[in-house]
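The values are calculated or read from the model by the stated rules, or taken from the named source; none is laboratory data. Given the structure is predicted, the values throughout are model-derived calculations rather than measurements. FYI the Cβ positions are ideal-geometry reconstructions off the backbone, even for glycines, and counts take in every protein chain you see.
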């Protein structure tokens, strides 16, 4: 929350995504049966909000929103140290919801509302595997 409150969005998102990865691994502990990627995407995919979004167009293909969070946010932040230039965090509308929008020509930028950060934290906080931790 310190990073978030200090305007360090990438650091805050990275911390939230690492927390999601840890919780997903606690939810699906058998590494032989399920990969980190699959655990992460399955964990988020069980949340109602993630189920409502059928797909997101990004880089010319349709992806699940949880795949976008794993591959292009979590992996890019961990391995490359930043968010891809064609993903942008947008200000929230003030109503507490989340939004995702695929930008068309000429930008071709995927726009994610900042409230996704709150949703990621809530996924971790309310996970049965994390009961008693928070």
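Hey, could you check region 87-115 for residues that are touching a helix residue (DSSP H, G or I) at 6+ places or on another chain (Cβ under 9 Å) and in contact (Cβ under 8 Å) with a residue 24 or more places away in the chain and say which is nearest to residue 16 (Cα to Cα)? Step by step, filter region 87-115, then rank; the result is 114. Of all the criteria given as (1) closer than 26 Å to residue 105 by Cβ; (2) surrounded by 14 or more Cβ atoms within 10 Å (Cβ to Cβ); (3) modelled with pLDDT under 95, the one not satisfied by residue 13 is (1).
Out of 33, 12, I need the residue that is in contact (Cβ under 8 Å) with a residue 24 or more places away in the chain and out of contact with any strand residue (DSSP E or B) (no Cβ under 6 Å at 6 or more places or on another chain). Which one? Write out each step before concluding.
On the way: 33 fails: in contact (Cβ under 8 Å) with a residue 24 or more places away in the chain.
Going through 33, 12 in turn, just one is in contact (Cβ under 8 Å) with a residue 24 or more places away in the chain and out of contact with any strand residue (DSSP E or B) (no Cβ under 6 Å at 6 or more places or on another chain): 12.
Please work out which one of (1) buried (at least 16 other Cβ atoms within 10 Å of the Cβ); (2) within 18 Å of residue 133 (Cβ to Cβ) is the condition residue 4 fails and give its number. If we test residue 4 against (1) buried (at least 16 other Cβ atoms within 10 Å of the Cβ); (2) within 18 Å of residue 133 (Cβ to Cβ), just (2) comes out false. Among the numbered conditions (1) more than 17 Å from residue 117 (Cβ to Cβ); (2) surrounded by 13 or more Cβ atoms within 10 Å (Cβ to Cβ); (3) over 13 Å from the mean Cα position of the chain (by Cα), the only one that residue 92 does not meet is (1).
Restricting to region 57-85, name every residue that is over 13 Å from the mean Cα position of the chain (by Cα), surrounded by 14 or more Cβ atoms within 10 Å (Cβ to Cβ) and in contact (Cβ under 8 Å) with a residue 24 or more places away in the chain. The answer is 57, 58.
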